[in-house]
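I have placed the structure first, in the form of structure tokens, so that the comments after it can refer back to it.
The values are calculated or read from the model by the stated rules, or taken from the named source; none is laboratory data. The model shown is predicted, which means the values in this text are computed figures rather than measured ones. Every residue, glycine among them, receives a Cβ derived from its backbone with ideal geometry; neighbour counts consider all protein chains shown. Areas reflect the complete protein model, heavy atoms only, side chains present, ligands, DNA and RNA absent. Shrake-Rupley method; radii C 1.70, N 1.55, O 1.52, S 1.80 Å.
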Amino acid sequence: MEKMEWIKLLNPNRFGQTGNSRQSSARSFFEQDYDRIIFSHPFRRLQDKTQVVPLPEEDFVHTRLTHSLEVSSVGRSLGKKVGEVIIEKYPELKDAGYSSFDFAAIVAAASLSHDIGNPPFGHSGEDAISAFFEKSNVGQFIKTQVSDVEWKDLTTFEGNAQGFRLLNRPDNQGIKLTLSTLAAFTKYPRASLINQRDKSRKSQKKYGFFQSEKAVFKELAEAVGLLPLSESEPIWSRHPLTFLVEAADDICYHVIDLEDGCRLGWVSFEQARDLLAEILGENYMPEKLEKTKGKNEKIGYLRALAINTLIEQCVDIFKENESEILSGEFDTALMDLVPSKKVLRDIIEVSIRKIYRSKLVLETEAVGHVVLEGLLTSFLEAAIAQKGSEDSGKKDLTVFRLLPETYQELITETASLYEISMICIDYVSGMTDRYAITLYRKLKGISLPG
């Protein structure tokens, strides 16, 4: 049976580099990935993008940026613990200069960037972009000019695929991550439109690259040795470390969304405490909790213990299934198999009922649909008007000039409507919540500049 090989999966090259050589400087290539993401503009913009709950006045809740930092921290722990086992099991990795810190660095960097392609207003922003192309007049016009798979990209917009596109844009050379980090980043290594989707495989639940990046991902998959799962369609197995990136995200949003809900008073302290205590099981020591003063501090204490427990459980599941992961047979979220899976389902049920469907969250989702629809309409109409047109209206020209110059330069006479659509999506999805609302109000004449 064909299997992926760790020595190939740990590829420190970047696109355009060859040789697969190790470096002897203080920072490995994988550690440099983390630094490149931290200092990038797309990552910095996550500070004003909604995670789940919009920023309230009365207490701190998580943004996309703080969530990403926490996921990365959990991911580093997962990567290091798994790396220690893999390095011990495969001596050739140690001989080649790899260590558990390389595993930690790859998972940390991929986790840090896991939400970098998400649009404003949380997951509702993805729905808003998809609905715009499906239902608007502009979208219906574009539909007649694009292929089926391009249309699927537009009408099922996916933040994971947008992140892969963003990390590989020619004008983002300052990021340019290693091939291993890019592969670990990709939770869904398939195109948007496939005929052979296997619903039993978690990696095929969504898609991870647009048609515009299909060739890029194919090159990446071959370079790190991902297993092709179809002879006729762009579908691959996951990079093994992707399971750790996914687990880090799952751990954080299960536990920390509950903590945010408790801090805001939407979930009672007693209910949050009991749910987190159930994760700890026999390790829960109420007498120690009582020594901690304040409800927020108590929940913070339990959250830390719960995260550590889930890390250990996920590492155990990975170790047990490592051989099947390398062969591509294993394709299940680690958190779906941990001993705490029942209480995790209970936490999600509580979060849906008391947090995700709260009035504040629903209001934000509604605003997101209106704002993103308005921005996409304005910029796409303006961009399409410029394509080979010498007599476009002054309004369209003015709006078109609001696009960054690098984007304007890509909208040429030869650019297809799919390419133009993706460029406008790049701009709008990259906005912060606050900037999207401000620009929408100005374009609609609701507020004046300045």
Mind listing just one residue for me: the one in the stretch 259-316 that is among the basic types (K, R), modelled with pLDDT under 90 and crowded, with 18+ Cβ neighbours inside 10 Å and, of those, farthest from V82 (Cα to Cα)?
R263
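Name the one entry in I116, I142 that is touching a helix residue (DSSP H, G or I) at 6+ places or on another chain (Cβ under 6 Å), among the hydrophobic types (A, V, I, L, M, F, W, C), open to solvent by less than 10 Å² (accessible area, probe 1.4 Å) and assigned to a helix (DSSP H, G or I).
Working: I116 fails: assigned to a helix (DSSP H, G or I).
The conditions single out I142.
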Would you confirm whether any residue within the stretch 189-202 is outside any loop (DSSP other than H, G, I, E, B), surrounded by fewer than 18 Cβ atoms within 10 Å (Cβ to Cβ) and not polar (S, T, N, Q)?
no
Looking at the stretch 442-450, is at least one residue at pLDDT 90 or above and under 29 Å from the mean Cα position of the chain (by Cα)?
no
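Restricting attention to the stretch 330-346, report how many residues are basic (K, R) and modelled with pLDDT of 95 or more. Talk me through it step by step, then tell me what you get.
Of the stretch 330-346, the ones basic (K, R) are 341-342, 345.
From what's left, modelled with pLDDT of 95 or more: none.
Counting residues in the stretch 330-346 that are basic (K, R) and modelled with pLDDT of 95 or more gives 0.
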The stretch 56-69, residues that are farther than 15 Å from R263 by Cβ and either at pLDDT 90 or above or aliphatic (A, V, I, L, M) (or both):
L65, S68, L69
Cβ contacts < 8 Å: first residue touching a residue at least 60 places away in the same chain (Cβ under 8 Å) and within 24 Å of L226 (Cα to Cα), restricted to the stretch 325-351; second residue small (G, A, S) and surrounded by 21 or more Cβ atoms within 10 Å (Cβ to Cβ), any location; separation 6+ or different chain. Result?
G328/S237; D331/S203; D331/S237; A333/A247; L334/A247; M335/A247
Turns out the helices (runs of 4 or more DSSP H) fully within the stretch 346-421 with at least 1 residues that are under 19 Å from K444 (Cβ atoms) are 359-386, 394-400
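Filter the stretch 347-367 down to the residues that are of a type outside the set (A, V, I, L, M) and either at pLDDT 80 or above or over 19 Å from I129 (Cβ atoms) (or both) and list them by number.
E349, S351, R353, K354, Y356, R357, S358, K359, E363, E365 - these are the residues of the stretch 347-367 that are of a type outside the set (A, V, I, L, M) and either at pLDDT 80 or above or over 19 Å from I129 (Cβ atoms) (or both).
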Inside the stretch 120-139, the number of residues satisfying the requirement of being surrounded by fewer than 22 Cβ atoms within 10 Å (Cβ to Cβ), hydrophobic (A, V, I, L, M, F, W, C) and farther than 24 Å from R357 by Cα is 1
Write out, first by first residue and then by second, each pair whose Cβ atoms fall under 6 Å of each other, whose residues are 6+ apart or on separate chains, and whose first residue, in the stretch 402-418, is under 18 Å from L154 (Cα atoms) while the second is among the polar types (S, T, N, Q) and modelled with pLDDT of 90 or more.
L417/Q145
Those residues that are of a type outside the set (A, V, I, L, M), in contact (Cβ under 8 Å) with a residue 40 or more places away in the chain and closer than 26 Å to S77 by Cβ, I need them from the stretch 244-280; list them, please.
E246, D249, D250, C252, Y253, H254, D257, E259, D260, G261, R263, E278
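In this structure, does S111 turn out to be open to solvent by 40 Å² or more (accessible area, probe 1.4 Å), in contact (Cβ under 8 Å) with a residue 60 or more places away in the chain and part of a helix (DSSP H, G or I)? Walk me through it before giving the result.
Working: open to solvent by 40 Å² or more (accessible area, probe 1.4 Å): no; in contact (Cβ under 8 Å) with a residue 60 or more places away in the chain: yes; part of a helix (DSSP H, G or I): yes.
Spelling it out, it is not the case that S111 is open to solvent by 40 Å² or more (accessible area, probe 1.4 Å), in contact (Cβ under 8 Å) with a residue 60 or more places away in the chain and part of a helix (DSSP H, G or I).
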Within the stretch 23-55, residues being modelled with pLDDT under 90, open to solvent by 30 Å² or more (accessible area, probe 1.4 Å) and farther than 19 Å from G163 by Cβ number 6
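Keeping to the stretch 70-109, report how many residues are β-branched (V, I, T) and modelled with pLDDT under 95.
Of the stretch 70-109, the ones β-branched (V, I, T) are 71, 74, 82, 85-87, 106-107.
Next cut, modelled with pLDDT under 95 only: none.
Final tally of qualifying residues: 0.
Go through E381, E405 for me and flag whichever is in contact with a helix residue (DSSP H, G or I) (Cβ under 8 Å, 6 or more places away or on another chain) and acidic (D, E).
Details: E405 fails: in contact with a helix residue (DSSP H, G or I) (Cβ under 8 Å, 6 or more places away or on another chain).
Selected residue: E381, the only one of E381, E405 that is in contact with a helix residue (DSSP H, G or I) (Cβ under 8 Å, 6 or more places away or on another chain) and acidic (D, E).
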Given (1) in contact with a helix residue (DSSP H, G or I) (Cβ under 7 Å, 6 or more places away or on another chain); (2) open to solvent by 50 Å² or more (accessible area, probe 1.4 Å); (3) in a helix (DSSP H, G or I), number of the condition E222 does not satisfy
(1)
All conditions in (1) over 27 Å from D127 (Cβ atoms); (2) open to solvent by less than 10 Å² (accessible area, probe 1.4 Å) are true of V361 except (1)
Got a sec? Which of F185, F164, F210, F217 is open to solvent by less than 30 Å² (accessible area, probe 1.4 Å) and in contact with a Lys or Arg (Cβ under 7 Å, 6 or more places away or on another chain)?
F210
